[in-house]
Amino acid sequence: MTQMLNYQAIFEAVPNLHLVLAPDQDFTILAASDAQLRATHMRREESIGRPVFDVFRKNPDDPTEFGTSVLRDSLERVLRSRAPDRMAITRYDIPRPAAEGGGFELRYWRPLNVPVLDEHGAVLYIIHQVEDVTEDVLCQGSSTSLSFLEERFRAALLGSGIGTFTWFFSDGSLSLDSALEQLFRLPLGLKVTSVDAFVEQVHPEDRADVRLAFEHYARGDDYTTEFRLLRADAQCWLACKAKAFRDANGALAYVAGACTDISARRHAEHALRVSENSLRQLNETLEARVATEVAERSRAEEALRQAQKMEAVGQLTGGIAHDFNNLLTGIIGSLDLMQRRHQRGEALELERYIGAAVTSAQRAAALTQRLLAFSRQQALDLRPVDVNHLVASLEDLLHRTTGENIAIETRLSAGLLPACMDVNQLESALINLVINARDAMPSGGRITLSTASFTMGDTPDPKKRGLGAGEYVLLSVSDTGTGMAPNVMARAFEPFFTTKPIGQGTGLGLSMVYGYIKQAKGYIQIESELGIGTRVHLYLPVHQGEVTALAHEPERTPTGAGETILVVEDEPVVRSLVVEVLNELGYETLEAGEASEALCITESEQRIDLLISDVGLPGMNGRQLADIARQQRPGLKVLFATGYAESFAANDFLGPDMAVITKPFAIDVFATKVGEMLGNG
């Protein structure tokens, strides 16, 4: 007896979590498995026929939630590519039933979106399959803090048309990240694990060039090639650039590279060439035809400029990915070796591995600070600064930095008003400029540091676009070096742009100085002539007040005298580390993972001398928590700890007895800041 299969009943009964979505702009839910409905607290009649983002909406209490955005981006990629798209672990909060208090509950998922095609290759449905990995993520804690952020980074790479690969010489294996797999449009389950498999994805006419590129990489050469992919459209161009790395013995170890989608640039260049050829062939007497072709050329040039802009964004993203991959290799590799030796009961050379991991982590933190400086999102401690005193205090350090074949001359004007700047950032900017000047004088020369007063009137100066009216302290760094060509000077502030050889400069020095000066409401100007030298002028806004002496680091780490500190931090690992440091320094500690938990403590009779809070807390943010806590406890001192300081751009963010420290911070710096807040410094 033949029995007809009820596919709907089978689909709804399977233990996996599935949704069937329509390929429309709302991704309407057509069907759902029972397991999916149970896992998301939804009923079938409330889900079927509704847009997926109406049913599973973004958590309004958490502006940092990224899940809805990356899910929509993945579904749209499936529609465009008609190929499966596997997402990384992604946070997507789920509405909690009203009977259980309402609101949203924290969830992490591993999603897979698979298209179902008709006989013509069009998308009929999208199967949205997920695995709830919340328990695994929360149990593993900070060790997975990078894994569920991978989708953000993957989205950034895909948005800029960048994919990365690594080729290991030890076994010849090749590893592609998910962004490059997406560019290749690999079918689900197909992996490119060798150079031959990589070449098979290339257009036959360009395969010889790609093989030549890998031959260069095998010899340790840096090499760039451009090629077409073997795809149905046959018009996808990639630019591939890679660098070979050696191990501690000097032997070639692996190649790390990035492929950038340059299709828009190639098409624009082709369109421009066609337009130019047509324009040359036009009869000059036919004004109407000339006007048409000129308009077409203008559109082609605009398309080329837009393509170049996108390529610049791709270079920036690729540079960040390259630098962070190297730094993470040092951290993860050192920790892995320590773990292996610990498991074997060996204690040999652990200090060396600890040092390597700490060094890589500090370099990663420094790179992050440079990026924040360029994006003008770092936390600045703006105070009145005596610029002459600062320059004089750095003179010995600068002499040691530049060497004996370079003379440093100072020309400091007397009677300068104090500048309103961050002392540490201004010192870093000055040192960066002097190092750049030193590198521009390989055979020696002279660096001149000068200061002067400068007043900008109400009439704009074409040579100083962006310099507002007011009083400034002008700090200039001049050298007698090689100078810069106009095209180089025009790109001097671009991140990751450098004229130095690979490995001798990150290209973030001048961009960091530019971002810091602009964030402090100042202005920076470069003047340069080839063969004569370069002059960099920093216009520092004047502070209307008394001059404050430069801060000096204390000789000892301040300790507590039993004061009680409430620590509010939603990241458990960070919270436990802060609490442990404070306990070692002699403080009593209370801790909370979110604002509501902290308010229960502040409402009690418990003694609290200082509140240390992250700014970006789930639900109520750190500043809102501080305001309520100070209503309960007037005069309570508050120290904010944050890794992203956009909120501090507002002048009224910090109130009396409030301060901020930027993550990541050294223990001594943190201890000093706490001591200052409590009067123990």
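The values are calculated or read from the model by the stated rules, or taken from the named source; none is laboratory data. All values derive from a computational prediction rather than experimental measurement. Don't worry about glycine lacking a Cβ; one is built from the backbone with ideal geometry, like all the others, and counts go over all protein chains shown.
For segment 519-547, give me the residue count where each residue is modelled with pLDDT under 85, of a type in the set (Gly, Ala, Ser) and under 31 Å from the mean Cα position of the chain (by Cα). Adding up the residues that qualify gives 1.
Does Gln235 fit the bill of being outside the structural domain of Gly121 (by TED's automatic domain parsing) and farther than 29 Å from Ile89 by Cα?
Details: outside the structural domain of Gly121 (by TED's automatic domain parsing): yes; farther than 29 Å from Ile89 by Cα: yes.
Yes, satisfied.
Can you work out which of the residues in segment 49-86 that are surrounded by fewer than 16 Cβ atoms within 10 Å (Cβ to Cβ), more than 18 Å from Ser178 (Cα to Cα) and not polar (S, T, N, Q) is modelled with the lowest pLDDT? Filtering first and then ranking leaves Pro63. Answer yes or no as to whether Arg211 is charged (D, E, K, R), closer than 24 Å to Ser81 by Cα and touching a helix residue (DSSP H, G or I) at 6+ places or on another chain (Cβ under 7 Å). For Arg211, the condition - charged (D, E, K, R), closer than 24 Å to Ser81 by Cα and touching a helix residue (DSSP H, G or I) at 6+ places or on another chain (Cβ under 7 Å) - is not met. Of everything in segment 105-130 that is part of a strand (DSSP E or B) and loosely packed, with under 15 Cβ neighbours inside 10 Å, the residue that is modelled with the lowest pLDDT is Glu105.
Selection within segment 17-48: residues that are more than 28 Å from Gly101 (Cβ to Cβ) and free of Cβ contacts under 8 Å to residues at least 24 places away in the same chain. The member of this set that is surrounded by the most Cβ atoms within 10 Å (Cβ to Cβ) is Ala31.
Applying the criterion of being over 19 Å from Arg211 (Cβ atoms), hydrophobic (A, V, I, L, M, F, W, C) and out of contact with any Ser or Thr (no Cβ under 9 Å at 6 or more places or on another chain) to the residues of segment 246-269, the residue that is modelled with the highest pLDDT is Ile262.
Per the listing Glu12, Glu46, Glu76, the residue uniquely farther than 18 Å from Ile126 by Cβ and assigned to a helix (DSSP H, G or I) is Glu46.
Restricted to segment 557-634, the set of helices (runs of 4 or more DSSP H) holding at least 3 residues that are among the charged types (D, E, K, R) comprises 572-584, 622-632.
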